[in-house]
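Asks: One structure, as structure tokens, below. Some questions next.
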Amino acid sequence: MTVWVTLNDAEAVARRACEAVSQAAQAAVAGRGEFSLVLAGGRTPQRTYELLCETEQDWPAWSLYYGDERCLPQKYPERNSRMVEHTGLARRAGRHFPIPSELGPEPAATAYSDTIRNVIPFDLVMLGMGEDGHTASLFPGRDWPEEPRAVPVHNAPKPPGERVSLTPAALQACHTMLVLVTGESKRDALQAWRMGEPLPIAQLASVPQATVLVERTLVEGAR
């Protein structure tokens, strides 16, 4: 059953997420000598990445992967990998595996499926939520393969239309899942989720290893 944790504000969400990632990393490194982390894009997790860079970690044991990516040239700031590089997290981790989305949706999805094939299950998967309840690049009203791999995305309802995303099966193949929800624009989608609408994020976070970190103002007054 999904665990819900309500926190005072977006900064508190970022700090709790930083603590959870740090704990998962320490446990994974102690047990297996390595830590695999799937990163979320967008503004919500950026502060968590900045905070992680201020912590002491066994950084050479870290491997960074991505839940999705926009099909844009490598240096475009709108790419998730560029945001992570900007925070400094990519430089600290021992291994960094961005999705080669500059190749186009199909070639990039094929290449990244090979990249993650022998990594699953991931130690930790971090997810955000869009205003429509999407997560990664899994948008409402679409069907997705059941296999744990990367898939091309076309005609996304928000630009750019071409993307690459891990499938629900790939994202759920993890020991720990963290969902970060902040920002007033997420209120309606969060309420729909809590009322049982089958949004992509609701389906993804239905696994028992999922914890949702949400800022308090978004749940106050919700039915």
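The values are calculated or read from the model by the stated rules, or taken from the named source; none is laboratory data. This is a predicted model, so every value here is computed, not measured. Note that we place each Cβ from the backbone using ideal geometry, even for glycine, and neighbour counts take in every protein chain shown.
Asks: If I ask for residues that are under 19 Å from V38 (Cα atoms), in a loop (DSSP other than H, G, I, E, B) and in contact with a Leu (Cβ under 7 Å, 6 or more places away or on another chain), which ones from the range 134-143 would you list? Explain how you work it out, then say what you get.
Replies: So the first thing to find is which residues in the range 134-143 are under 19 Å from V38 (Cα atoms), and the list is 134-139.
Still in the list and also in a loop (DSSP other than H, G, I, E, B): 134, 136-137, 139.
Scanning the range 134-143 gives a single hit, A136.
Asks: Has the range 104-122 got at least one residue that is touching a Gly at 6+ places or on another chain (Cβ under 9 Å) and in contact (Cβ under 8 Å) with a residue 24 or more places away in the chain?
Replies: Filtering the range 104-122 down to residues touching a Gly at 6+ places or on another chain (Cβ under 9 Å) leaves none.
Scanning the range 104-122 turns up no residue that is touching a Gly at 6+ places or on another chain (Cβ under 9 Å) and in contact (Cβ under 8 Å) with a residue 24 or more places away in the chain.
Asks: Still on this structure, I have one more. Got a number for residues in the range 152-163 being among the aliphatic types (A, V, I, L, M) and surrounded by fewer than 24 Cβ atoms within 10 Å (Cβ to Cβ)? Reasoning before the result, please.
Replies: Within the range 152-163, the first condition is being among the aliphatic types (A, V, I, L, M), and the residues that meet it are 153, 156.
From what is left, the residues that are surrounded by fewer than 24 Cβ atoms within 10 Å (Cβ to Cβ) are 156.
Final tally of qualifying residues: 1.
Asks: Please specify each residue of the range 184-206 satisfying the condition of being assigned to a loop (DSSP other than H, G, I, E, B), surrounded by 17 or more Cβ atoms within 10 Å (Cβ to Cβ) and touching a Ser or Thr at 6+ places or on another chain (Cβ under 8 Å). Write out each step before concluding.
Replies: Pass one, the range 184-206, residues assigned to a loop (DSSP other than H, G, I, E, B): 195-199, 205-206.
The next check asks that each one be surrounded by 17 or more Cβ atoms within 10 Å (Cβ to Cβ); those that pass are 199, 205.
Passing the criteria: only A205.
Asks: Right, here's the next one. Could you tell me whether any residue of the range 104-121 is under 19 Å from the mean Cα position of the chain (by Cα) and assigned to a strand (DSSP E or B)?
Replies: No, there is no match, as no residue in the range 104-121 is under 19 Å from the mean Cα position of the chain (by Cα) and assigned to a strand (DSSP E or B).
Asks: Between T211, T135, T176, T217, which is at pLDDT 95 or above, hydroxyl-bearing (S, T, Y) and either surrounded by fewer than 19 Cβ atoms within 10 Å (Cβ to Cβ) or touching a Lys or Arg at 6+ places or on another chain (Cβ under 9 Å) (or both)? Break it down stepwise before answering.
Replies: Details: T135 fails: either surrounded by fewer than 19 Cβ atoms within 10 Å (Cβ to Cβ) or touching a Lys or Arg at 6+ places or on another chain (Cβ under 9 Å) (or both); T176 fails: either surrounded by fewer than 19 Cβ atoms within 10 Å (Cβ to Cβ) or touching a Lys or Arg at 6+ places or on another chain (Cβ under 9 Å) (or both); T217 fails: at pLDDT 95 or above.
Exactly one residue qualifies, and that residue is T211.
Asks: Out of all the residues in the range 68-81, is one or more within 17 Å of M177 (Cβ to Cβ), touching a residue at least 12 places away in the same chain (Cβ under 8 Å) and crowded, with 20+ Cβ neighbours inside 10 Å?
Replies: Looking for residues that are within 17 Å of M177 (Cβ to Cβ), touching a residue at least 12 places away in the same chain (Cβ under 8 Å) and crowded, with 20+ Cβ neighbours inside 10 Å, one finds at least one in the range 68-81, hence yes.
Asks: Within the range 157-168, does at least one residue satisfy the condition of being closer than 29 Å to A25 by Cβ, of a type outside the set (D, E), outside any helix (DSSP H, G or I) and over 14 Å from the mean Cα position of the chain (by Cα)? If you could, list the steps in order and put the result at the bottom.
Replies: Taking the range 157-168 first, the residues closer than 29 Å to A25 by Cβ are 163-168.
From what's left, of a type outside the set (D, E): 163-168.
Of the ones still in play, those that are also outside any helix (DSSP H, G or I) are 163-167.
If we keep only those that are over 14 Å from the mean Cα position of the chain (by Cα) as well, we get 163.
Yes; the residues of the range 157-168 include at least one that is closer than 29 Å to A25 by Cβ, of a type outside the set (D, E), outside any helix (DSSP H, G or I) and over 14 Å from the mean Cα position of the chain (by Cα).
Asks: Further, regarding this structure: Among the residues of the range 164-172, are any of a type outside the set (S, T, Y) and loosely packed, with under 14 Cβ neighbours inside 10 Å?
Replies: Start the filter on the range 164-172 by keeping residues that are of a type outside the set (S, T, Y), which leaves 164, 166, 168-172.
From what's left, loosely packed, with under 14 Cβ neighbours inside 10 Å: none.
So far as the range 164-172 goes, no, none of its residues is of a type outside the set (S, T, Y) and loosely packed, with under 14 Cβ neighbours inside 10 Å.
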